[in-house]
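Read through the structure below, which is laid out as structure tokens, and then see the notes.
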Amino acid sequence: MSTDIITFYKVKEIQNYVDELHRQGKVVGLVPTMGYLHEGHLSLVDNAVELSDVTIVSIFVNPTQFAPDEDFEDYPRDTERDKALLKERGADVVFAPEADEIYPDNFQTYVDVEEITRKLEGEHRPTHFKGVTTIVSILFNSVKPDLAVFGQKDAQQAVVIKRMVSDLKFDIDIILAPIVREEDGLAMSSRNLYLSEKERKDALVLYKSLKKAEDLIKIGEEKTYNIVEEMRSIINSVNSSKLDYIDIVRADNFERVEELQKDHEYYVLIACKIGKTRLIDNLLIKA
Ligand code: PAF
């Protein structure tokens with residue numbers, strides 16, 4: 001596989017490059033990633049390739065979105081393999097800056113979306129979203145895309161980024177791409193790599209519990225408490241699981257609800273450790 005794809009490492013260089021593309025009237029799409037790409041990321045690339053003249057993929061394991069006790073150091077990295085996959089998939093450019101290009105000495109400006117970042121993932125990872133919104137702002141200012149594609153797998157992240165784009169008046173369309181799953185239903189994630197064979201099997205309880213929620217809603221269950229309890233018992237059926245949260249929220253504003261209303265859209269969300277690996281998953285459901 002050839003890894004021969006235009007790659008920029010410096011902010012100024014990619015800014016100049018994109019300025020020239022814009023002068024030529026080209027639509028520039030960005031897919032922000034932390035690398036170690038799987039089919040989930042590549043489906044975001046497919047979306048960008050379809051909607052843009054030039055697709056740029058950023059690869060940057062962003063230190064500010066990891067808490068000190070999280071897996072920043074161990075996070076899998078293989079930029080050469082990523083570049084080959086991207087080339088094959090029709091991406092045009094990679095932006096792969098070093099950490100000190102993004103966060104030079106004396107860096108002290110962060111972007112913080114309030115309220116929506118404080119619940120669910122934010123309760124369990126209190127510094128996470130501030131790191132995400134800061135790096136995504138830096139990537140937006142570096143790459144200056146017309147559109148950017150994010151995955152529904154990180155549903156709360158997508159809603160937070162949409163809020164930020166609206167509040168800070170970024171002139172960028174945010175595209176949300178559906179979750180890509182393994183054949184047995186496990187949502188694709190770079191962290192699946194950490195699972196042992198047994199844990200990989202156990203991890204299916206996340207998807208099973210979401211499907212249970214979907215079935216219950218289909219047959220008319222409206223009380224979220226009842227749905228969450230059924231899901232919880234599925235998660236607890238494997239010893240390796242340790243639940244962070246199950247929640248059902250309105251899709252538009254992430255407000256938690258007690259009763260589902262007909263024709264409204266909801267996210268059923270789950271975050272759970274299987275062994276030492278923290279996984280998240282969700283389903284978008286219409287009641
Ligand atoms: O979703 C991710 O992989 C990351 O949070 C992102 C958006 C690339 C920012 O580092």
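Here are the numbers:
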| item | result |
| --- | --- |
| Student exercise, region 118-238 dipole from Lys, Arg, Asp, Glu Cβ charges, in Debye to nearest 20 | 320 |
| Three principal axis lengths of region 163-252 [C-alpha, angstrom, descending] | 47, 36, 24 |
| Given charges at Cβ of Lys, Arg, Asp, Glu: the chain dipole, positive-most of SER209, PRO104, ILE6 | SER209 |
| The chain: antiparallel DSSP beta bridges as a percent of all, rounded to 5 | 55 |
| Residue-by-residue Karplus 3J(HN,Hα) for region 241-256, coefficients 6.51, -1.76, 1.60, Hz, glycine and proline x | 8, 9, 6, 8, 7, 10, 8, 10, 10, 5, 5, 7, 10, 6, 6, 5 |
| Cβ charges +1 (Lys, Arg) and -1 (Asp, Glu), total dipole of region 5-88, debye | 500 |
| Dipole-positive endmost among LEU195, SER142, ASN226 within the chain (Cβ charges, Cα centre) | ASN226 |
| Contour minus Cα-Cα distance for ASP71 and TYR110 (0.36 nm per residue) | 11.9 nm |
| Low-density loop positions, chymotrypsin sites (Phe, Trp or Tyr not before Pro), region 1-70 - DSSP coil, at most 14 other Cβ in 10 Å | TYR9 |
| Dipole in debye (nearest 20) - the chain, about Cα centre, beta carbon charges: Lys, Arg +1; Asp, Glu -1 | 360 |
| Debye intensity ratio I(q)/I(0), log10, region 28-105, q values 0.13, 0.25 Å⁻¹ (C-alpha model) | -0.41, -1.16 |
| Per-residue [θ]222 nm for the chain (sum of -39500 (n - 2.57) over DSSP H runs n ≥ 4, rounded to 500) | -11000 deg cm²/dmol |
| For region 115-176, with +1 on Lys and Arg beta carbons and -1 on Asp and Glu, the positive-most of VAL159, VAL132, ILE175 along the dipole | VAL132 |
| For the chain: span of alpha carbons on each principal axis (Å, largest first) | 56, 40, 39 |
| Sites LYS208 and GLU20 - FRET efficiency at Förster radius 41 Å, r taken between beta-carbons, to 0.05 | 0.25 |
| Solvent-accessible heavy-atom area per residue, rounded to whole Å², over region 31-168 at 1.4 Å | 43 |
| Cut-off 19 Å, label 7 Å out along Cα→Cβ of ASP171, residues of region 134-154 by amide N | 137-149 |
| Carbon and sulfur %, accessible surface of the chain computed with the full protein complex present, 1.4 Å | 46 |
| Tail beyond 22 Å, pair distance distribution of region 1-144 (Cα, percent) | 42 |
| Contact order relative to length of region 65-199, as percent, for alpha carbon pairs under 8 angstrom and 6 or more apart | 22 |
| Computed over region 202-287, Kirkwood Rh from alpha-carbon pairs, angstrom | 12.8 |
| Extension gain (nm, one decimal) between ASP100 and GLU39, 0.36 nm per residue minus Cα-Cα | 19.0 nm |
| Contour minus Cα-Cα distance for LYS242 and GLU229 (0.36 nm per residue) | 3.2 nm |
| The chain: relative contact order as a whole-number percent, Cα under 8 Å and 6+ apart | 17 |
| 11 Å beta-carbon shell around LYS212, net charge (K/R +1, D/E -1) | -1 |
| Loop-located trypsin sites (Lys or Arg not before Pro) in region 1-96, at most 16 other Cβ atoms within 10 Å (DSSP) | LYS10, LYS26, ARG77 |
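The values are calculated or read from the model by the stated rules, or taken from the named source; none is laboratory data. Being a predicted model, the structure only gives us computed values, none of them experimental. Note that each Cβ is placed from the backbone with ideal geometry, even for glycine, and that neighbours are counted across all protein chains shown. To get the accessible areas, we keep the full protein, side chains included, count just its heavy atoms, and leave off ligands, DNA and RNA. Shrake-Rupley method; radii C 1.70, N 1.55, O 1.52, S 1.80 Å.
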